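S.K.: Sharing a structure below in structure tokens format, with a few things to ask.
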Amino acid sequence: MKINLLKSALVGALTLTALASSYASAHAQWLVPSHTSLSGDKAHYVMIDASISNEIFSADKAYRPKQKGAEYDDNLIMALDPNGELVSDRIRAYYLQRKNSAAVKLADEGTYHIAMKREPRIMTFYKDAQGERGRVFGPKNSKDIPAGAKDIRTMKSFSTVDTFVSRNGTSKPALLGSGLEISGPTHPNDLFVGEEARFQLLKDGKPAANVELAILKGDTRYRNERNEVKVTTDQQGFFTNTWQHPGLYLIEASVSEDSTEKGIDTVRYALFTTLDVAPE
Amino acid sequence: MLKINTFCSAIIIFTAALFQSNTSAAELEIELTLPELDVQPYHRPYVAVWLETPQRKHVTTVALWVEKAEWFKDLRQWWRKAGKSDANFDGVTGATKRPGSYTINWNGKDLEGNPVIAGKYLLNLEVVREEGGRDYKRMELDLSEDGKMTIAGKKEFSESFITIKAK
């Protein structure tokens, strides 16, 4: 029995790795905050830009507002305040073709956890009668799947796209609690060149062990090599990185698992966290 | 025997604590020079001088020359190690200064008036100018013995001097 368990764990791990690498080429999504550290007694606003792009932090494709043709979406970006409460002020994200922009009011002192508010996406992959691969957004019974399709696999995908901003001091950032996200001990708004940061990767609030992350400095448009740093979380989900250059970084990870949900074969969790690293 | 040893060291620690509680280890004299810069516009820089433990924990701020709290964050290192805390910096805060040489005297006490004990510390000097640059230097210093040190700035402060007067 034990051996069987171990075996299935191994097979699971292999499947996971295979899936993780096969989806690693998905487009990056990101948030860019106008500020990550603010001082002073009065409330501040921070501007958040969101986009989907391959050139990191150069806007390419905006998220479409849920309501067709709308110029903005009040349900695209959310913020958890330093007390862990959802910010109740309206966060209006304007649709600007290549990016969405929203002003977020920081009424309290401490750290805000700002994230894209997104529903899980369901995608179905198949091979048609001629053996060509295809993909549709929707479940197995989607009408766009051609008759005679084979190898039909449905994936449910959760993406975390987030960042952190602190006003007049830092506090322990509130957790989203679902999907992938990073947690301390290092504070995400206290990153300096030459210093080692230590984070814990969480999935649904629990440590995510043996997950590979890519740490990618922004402005990839202005260099020929992406120079991403790959790190893998330990048994408790921890990973470390020493920052080589100041700038905005994107932390990417993805985890795929077999699903127990009816009609879903695979669940995929993706992470896109923006971090700001200061020069010494 | 073990008990006696423990007892002895307890006494030593206790005596040391008594001794340290009313005597600061050293005083500092910092001669800081802000250079004339041929730039338009020129804004007087924000300046912070502070001490940290070798583990980079803020011990005390020696001088803080600033204007608006909104820009305190630009003293990036001071802000993260000291400014964002609840500490009261009123006693060491002054207005920003024109280019020139200034002497900052430190009496060996922290922000609450408690003496800072002998030992190794990190002296931090950070100067940042609106629409200009930022210079930051951190150097080890020993408050147990007399000494004189030089800090070379890159642009926002010129060669400056620190004199340690141990007691």
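The values are calculated or read from the model by the stated rules, or taken from the named source; none is laboratory data. What you are looking at is a predicted structure, and each value in this text was computed from that prediction instead of being measured. Backbone-built Cβ (ideal geometry, glycine too); neighbour counts: all protein chains shown.
S.K.: Condition check: surrounded by 14 or more Cβ atoms within 10 Å (Cβ to Cβ), in contact with a strand residue (DSSP E or B) (Cβ under 7 Å, 6 or more places away or on another chain), within 14 Å of chain A (Cβ to nearest Cβ) and not hydrophobic (A, V, I, L, M, F, W, C). Does B:E52 satisfy that? I'd like the intermediate steps shown before the answer.
M.R.: Values: surrounded by 14 or more Cβ atoms within 10 Å (Cβ to Cβ): yes; in contact with a strand residue (DSSP E or B) (Cβ under 7 Å, 6 or more places away or on another chain): yes; within 14 Å of chain A (Cβ to nearest Cβ): yes; not hydrophobic (A, V, I, L, M, F, W, C): yes.
Considered against the rule, which asks whether it is surrounded by 14 or more Cβ atoms within 10 Å (Cβ to Cβ), in contact with a strand residue (DSSP E or B) (Cβ under 7 Å, 6 or more places away or on another chain), within 14 Å of chain A (Cβ to nearest Cβ) and not hydrophobic (A, V, I, L, M, F, W, C), B:E52 comes out as yes.
S.K.: Among (1) in contact with a strand residue (DSSP E or B) (Cβ under 7 Å, 6 or more places away or on another chain); (2) surrounded by fewer than 17 Cβ atoms within 10 Å (Cβ to Cβ); (3) more than 14 Å from chain A (Cβ to nearest Cβ), which single condition is B:M139 missing?
M.R.: (3)
S.K.: Could you list, in sequence order, all residues of segment B:92-108 that are on the phi < 0 side of the Ramachandran plot and touching a Ser or Thr at 6+ places or on another chain (Cβ under 6 Å)?
M.R.: Listed by number, the residues that qualify are B:V92, B:S101.
S.K.: Consider A:A20 against the criteria (1) at pLDDT below 95; (2) among the aliphatic types (A, V, I, L, M); (3) within 30 Å of A:V104 (Cα to Cα); (4) under 17 Å from the mean Cα position of the chain (by Cα): it satisfies all of them except one. Which criterion is unmet?
M.R.: (3)
S.K.: Say whether the condition of being surrounded by fewer than 19 Cβ atoms within 10 Å (Cβ to Cβ), away from chain B (no Cβ under 14 Å) and touching a helix residue (DSSP H, G or I) at 6+ places or on another chain (Cβ under 7 Å) is met by at least one residue in segment A:186-206.
M.R.: No, every residue in segment A:186-206 fails to be surrounded by fewer than 19 Cβ atoms within 10 Å (Cβ to Cβ), away from chain B (no Cβ under 14 Å) and touching a helix residue (DSSP H, G or I) at 6+ places or on another chain (Cβ under 7 Å).
S.K.: Another question, if that's okay. B:E67 is checked against (1) in a loop (DSSP other than H, G, I, E, B); (2) at pLDDT 95 or above; (3) within 10 Å of chain A (Cβ to nearest Cβ) and fails just one. What number does that condition carry?
M.R.: Against the list (1) in a loop (DSSP other than H, G, I, E, B); (2) at pLDDT 95 or above; (3) within 10 Å of chain A (Cβ to nearest Cβ), B:E67 comes up short only on (3).
S.K.: Pairs, please: C-beta under 8 Å, at least 6 apart or cross-chain, first residue under 14 Å from B:E29 (Cα atoms) and in contact (Cβ under 8 Å) with a residue 40 or more places away in the chain and in segment B:89-112, second assigned to a loop (DSSP other than H, G, I, E, B) and of a type in the set (V, I, T)?
M.R.: B:G108/B:V116; B:K109/B:V116
S.K.: Related question: I need the full set of residues from segment A:165-185 which are within 14 Å of chain B (Cβ to nearest Cβ) and in a strand (DSSP E or B), in order please.
M.R.: Correct list: A:V165, A:S166, A:R167.
S.K.: Can you find, within segment A:207-236, the residue that is surrounded by the fewest Cβ atoms within 10 Å (Cβ to Cβ) among those that are in contact with a Leu (Cβ under 6 Å, 6 or more places away or on another chain) and either within 29 Å of A:P279 (Cβ to Cβ) or aromatic (F, W, Y) (or both)?
M.R.: A:E228
S.K.: Could you tell me whether any residue of segment A:210-232 is farther than 22 Å from A:N54 by Cα, touching a residue at least 24 places away in the same chain (Cβ under 8 Å), among the polar types (S, T, N, Q) and in a strand (DSSP E or B)?
M.R.: no
S.K.: May I ask you to verify whether A:N75 is among the polar types (S, T, N, Q), surrounded by fewer than 21 Cβ atoms within 10 Å (Cβ to Cβ) and out of contact with any strand residue (DSSP E or B) (no Cβ under 7 Å at 6 or more places or on another chain)?
M.R.: Values: among the polar types (S, T, N, Q): yes; surrounded by fewer than 21 Cβ atoms within 10 Å (Cβ to Cβ): yes; out of contact with any strand residue (DSSP E or B) (no Cβ under 7 Å at 6 or more places or on another chain): yes.
It is true that A:N75 is among the polar types (S, T, N, Q), surrounded by fewer than 21 Cβ atoms within 10 Å (Cβ to Cβ) and out of contact with any strand residue (DSSP E or B) (no Cβ under 7 Å at 6 or more places or on another chain).
S.K.: Mind listing whichever residues of segment B:70-98 are aliphatic (A, V, I, L, M), away from chain A (no Cβ under 14 Å) and part of a loop (DSSP other than H, G, I, E, B)? Steps first, answer last, please.
M.R.: First pass over segment B:70-98, keeping only residues aliphatic (A, V, I, L, M): B:75, B:82, B:87, B:92, B:95.
Adding the requirement that they be away from chain A (no Cβ under 14 Å) leaves B:92, B:95.
Passing the criteria: only B:A95.
S.K.: I'm trying to understand the selection: among the residues of segment A:242-279, which are farther than 24 Å from A:H187 by Cβ and of a type in the set (S, T, N, Q)?
M.R.: Within segment A:242-279, A:S254, A:S256, A:S259, A:T260, A:T266 qualify.
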